[in-house]
Amino acid sequence: MAIALRYAARSDLGLGPKARNEDSGYAGPNLLVLADGMGGHAAGDVASSMIVGELAPLDAEDVTADQAIGLLEEALRSANAKLTKAMRDNADLTGMGSTTIVMLRTGNKLAMAHIGDSRAFMLRGDTFSQITKDHSFVQQLVDEGRISKEEAGQHPQRSVVTRVMTGQPDDEPDTSLREAKIGDRFLLCSDGLSDFVGADVIEEILREAASPADAAERCIEVALKASTRDNVTVIVADVVDADGDDLPSTVPQVVGAAASRSLRTQTRPIPTSPAAKAAALSREATGRAAAEADDEVELAEEAPRSRRSRIIRRVTGAVVVVAILAAGGYAAWAWSQRQFFVAADAGRVAIFRGVSQDLGPISLSRVESASDVEMSDLPVDVQGSVQRTIPARDLPDAQAKVQALRAEAIRCQLMAATGTPCGSNPTPTPSVTTPTPGSTTPQTPGTGIPTTPVTPGGSATFPRLTTPATPPPAAAGAAERPLLEGVSA
């Protein structure tokens, strides 16, 4: 049975003294990444954004189980090398680093790489467990039997890490490959959650939350109530049946430092996917630190030669960064052009190509094709679903969803002509009509699904359709209400 992921990512600055969020997170259909940056002036957010930007394109990879660990290790080595180069090019970034947890779905398995003290947990049935081991000084004390796990939670040096991504060649992550089962719930979190909220409380949140979004938001809320002094970032993912009714997520989410954007990037090429967005934001963060350093130097240097040197350094750095990221940027752009969703455009239903996220004032999607379906002709609940966007597997699936919406609009128009309100999604119930002996129940052409007649001033029940419905006949008093696959109230 094929599996898929339903996920949510959330991040908050926390209640401590940090002026910017140094955590970064990415959640996509095949990839989950969490990085907790560290390292002084404008550096932690740079490190975490660069790591997410390097790993995010793996979301579009078609990976086999025997390739997954190698790909993760290769991507992390590449990210580490870029940290080294960034620190070499800009002294203000010296000492930066980041924890990293990454999960890559491959078939019915999850490949994982982990370095640092960010944590991953798994809830499977009655069992709740931490599936990562901290690379920290306190964990070493626990392993050596010098302190207990309970004492570790209150130890004054619990934030001292022994292994993270710092650009050094010996920054090697722990890796593993595990079977994923439908019903599993995974949590990735920075220490802004795990240092301030006990594992028993985290378990309770994961068990009780109805959805990954509810669980992620509750984790942030509880961390803030516990007065977390650090940035707090969480990613929650449920393993679901790819062909079941519990629809998986399809739109990637980027949070934290990798989701921030300054005005400095407006003159650069616009990224067209969350993967490209994360990479572009790592460039912006690096460039921002360099610009701030130059501004500080400018206060002490006023000779024309110094200004020319600064210009030369900026131009050279921009050329090098663009060359390094060009190949990954193109792959991310190509991936985004294979994504589709249905949403509202100028009062009508339309098919969009791209992803339904904005980068500040810049949209990361465009209208692929408009339709003649007026939003005002749809029931209020369906209008809300379209406004929130309806994901589609591909272009034909998007076209099928528009056709189903057109049938909804026609149904409402017919009911309005009889003086009957269109209403909200009805709950499917057994048919209210009883066929006479020898009679045949009418069916929607091409679907094999029976229709239910509607009489003026009366009521009717409607079966759930999982395939697009052909618009009902225009005869007054006969209409059908398909419940759209992928549309919720």
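Can you give me the ranges of the strands (runs of 3 or more DSSP E) entirely in the range 162-269 with at least 2 residues that are under 22 Å from Asp36 (Cα atoms), under 17 Å from the mean Cα position of the chain (by Cα) and not acidic (Asp, Glu)?
Result: 185-189, 232-241, 253-256.
Do we have any residue at all in the range 68-76 that's among the acidic types (Asp, Glu) and modelled with pLDDT of 95 or more?
yes
I want to confirm something. Restricting to the range 140-169 and keeping residues that are of a type in the set (S, T, N, Q) and surrounded by fewer than 18 Cβ atoms within 10 Å (Cβ to Cβ), which single residue is farthest from Gly25 (Cα to Cα)?
Only one residue fits best here, namely Ser148.
Mind checking which residues of the range 223-246 are buried (at least 19 other Cβ atoms within 10 Å of the Cβ) and over 14 Å from Arg119 (Cβ atoms)?
Thr228, Asn231, Ala237, Asp238, Val239, Val240
Which of the residues belonging to the range 76-96 are in contact (Cβ under 8 Å) with a residue 24 or more places away in the chain and within 21 Å of Leu58 (Cα to Cα)?
Leu76, Ser78, Ala79, Asn80, Ala81, Lys82, Leu83
I need the full set of residues from the range 116-157 which are in contact (Cβ under 8 Å) with a residue 40 or more places away in the chain, closer than 21 Å to Asp174 by Cβ and assigned to a loop (DSSP other than H, G, I, E, B), in order please.
Gly116, Asp117, Ser118, Ile131, Thr132, Lys133
Show me the strands (runs of 3 or more DSSP E) entirely contained within the range 1-82 in which 2 or more residues are of a type in the set (A, V, I, L, M) and within 15 Å of the chain's Cα centre (by Cα).
Counting at least 2 such residues, we get 3-12, 31-38.
Within the range 382-401, does at least one residue satisfy the condition of being closer than 25 Å to Pro29 by Cβ, of a type in the set (A, V, I, L, M, F, W, C) and modelled with pLDDT under 85?
No.
Does Val355 satisfy the criteria of being assigned to a helix (DSSP H, G or I), touching a residue at least 60 places away in the same chain (Cβ under 8 Å) and crowded, with 20+ Cβ neighbours inside 10 Å?
no
Which residues, taken from the range 76-100, are crowded, with 16+ Cβ neighbours inside 10 Å and under 11 Å from Gln168 (Cβ atoms)?
Scanning the range 76-100 gives Asn80, Leu83, Met87, Gly97.
Among the residues of the range 101-121 satisfying the criterion of being among the β-branched types (Val, Ile, Thr) and within 19 Å of the chain's Cα centre (by Cα), which is surrounded by the most Cβ atoms within 10 Å (Cβ to Cβ)?
Val102
The values are calculated or read from the model by the stated rules, or taken from the named source; none is laboratory data. Keep in mind it's a predicted model, so treat the numbers as computed, not measured. Using ideal geometry, Cβ is built from the backbone for each residue, glycine included, and neighbour counts are taken over all protein chains shown.
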